[in-house]
Amino acid sequence: MAATLLPKPSRPNPDFATARFEDAVPVRPFRWSWGGRHFPGWYWAATTGQHVGFESWLERDRLVLMDFDPAVVGMASQPFWLHWHDGSRERRHAPDFFMRRVDGSAVVVDVRADDWIAPRDAEAFELTRRACAEVGWGFERVGAPEAVLLANVRWLSRYRHPRCRREPVAARLMEVFSQPGPLMAGAAAAGDRLATLPVLFHLLWEHELSAEQMDVELLGPRTVVRRAGGGAG
């Protein structure tokens, strides 16, 4: 789905508020060039079972975090063009991502490091925010994510595919961690760690298990794991 979103004085089409931009096809192609500054690619999202494009490591990292977020149910890259006139010439901007949340709300996301925002970029982000507000969407301009959380989520993303869930190992892990305990000891209590650890990491990715302080400490043998929504502490 390709579309054009127009800010005031040309008001956005009200149909945009209900359009499924999470299924949109990118409005411009991703380009690969030898020795280029950008690092484009495709990320397989467990949330949708589809590939989503990115044009930098920063965008890839944001995709991983969106995929890990249980409140996100859909995502697409560069879903539409935003056109406007800056007083001297016509301009356009394709936001990096469209994100659909479980409650049905929508958020448009632009990814740019804080120290890489030129005045023209700031103008584009502000106009995107205003246009999104006109149709009842949220808008976020995000930069580099918190390093420890990203490292943990990137590790768990290696085990995001449904094939990593194996029974009866998953059931044993859920039973073991019905009481909070250390990650490695719990994996051993559920069986051979070579078999249980991939399943444990998948359950953490799926938020069926939760790990303490993932935003401040790297996952390790002594990380306290519990069944999501249960246990003390």
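The values are calculated or read from the model by the stated rules, or taken from the named source; none is laboratory data. Everything quoted here is computed from the prediction, not taken from an experiment. Note that each Cβ is placed from the backbone with ideal geometry, even for glycine, and that neighbours are counted across all protein chains shown. These accessible areas exclude ligands, DNA and RNA; they are computed on the full protein's heavy atoms, side chains included. Shrake-Rupley method; radii C 1.70, N 1.55, O 1.52, S 1.80 Å.
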Subject >> segment 137-154, subset of a type outside the set (S, T, N, Q) and part of a helix (DSSP H, G or I), residue least open to solvent (accessible area, probe 1.4 Å) >> reply: V153
**OP:** Answer yes or no as to whether V72 is in contact with a Ser or Thr (Cβ under 8 Å, 6 or more places away or on another chain), among the β-branched types (V, I, T) and surrounded by fewer than 20 Cβ atoms within 10 Å (Cβ to Cβ).
**Re:** yes
Original post:
If a residue has to be among the β-branched types (V, I, T), outside any helix (DSSP H, G or I) and closer than 16 Å to E175 by Cβ to count, how many in segment 187-233 make the cut?
Top reply: 1
Original post:
Within segment 214-233, restricting attention to residues that are more than 17 Å from Q179 (Cα to Cα) and open to solvent by 30 Å² or more (accessible area, probe 1.4 Å), which residue is nearest to the chain's Cα centre (by Cα)?
Top reply: D215
**OP:** Hey, could you check segment 75-98 for residues that are touching a residue at least 60 places away in the same chain (Cβ under 8 Å) and closer than 27 Å to G49 by Cβ and say which is most open to solvent (accessible area, probe 1.4 Å)?
**Re:** W81
Original post:
Within segment 186-211, can you find the residues that are surrounded by fewer than 16 Cβ atoms within 10 Å (Cβ to Cβ) and either of a type in the set (D, E) or free of Cβ contacts under 8 Å to residues at least 12 places away in the same chain (or both)?
Top reply: A188, D192, R193, L194
**OP:** Please specify each residue of segment 99-111 satisfying the condition of being assigned to a loop (DSSP other than H, G, I, E, B) and among the charged types (D, E, K, R).
**Re:** D103
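Going through segment 42-98 one residue at a time, which ones are hydrophobic (A, V, I, L, M, F, W, C) and in a loop (DSSP other than H, G, I, E, B)?
Residues satisfying the conditions are A46, A71, F80, A94.
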Original post:
In segment 165-175, is there at least one residue being open to solvent by less than 70 Å² (accessible area, probe 1.4 Å), among the basic types (K, R), modelled with pLDDT of 95 or more and out of contact with any Pro (no Cβ under 8 Å at 6 or more places or on another chain)?
Top reply: no
Subject >> Odd one out for E134 among (1) of a type outside the set (S, T, N, Q); (2) at pLDDT 95 or above; (3) open to solvent by 60 Å² or more (accessible area, probe 1.4 Å) >> reply: (2)
**OP:** Examine segment 99-114 for a residue that is surrounded by fewer than 21 Cβ atoms within 10 Å (Cβ to Cβ), more than 21 Å from N152 (Cβ to Cβ) and free of Cβ contacts under 8 Å to residues at least 12 places away in the same chain, and state whether such a residue exists.
**Re:** yes
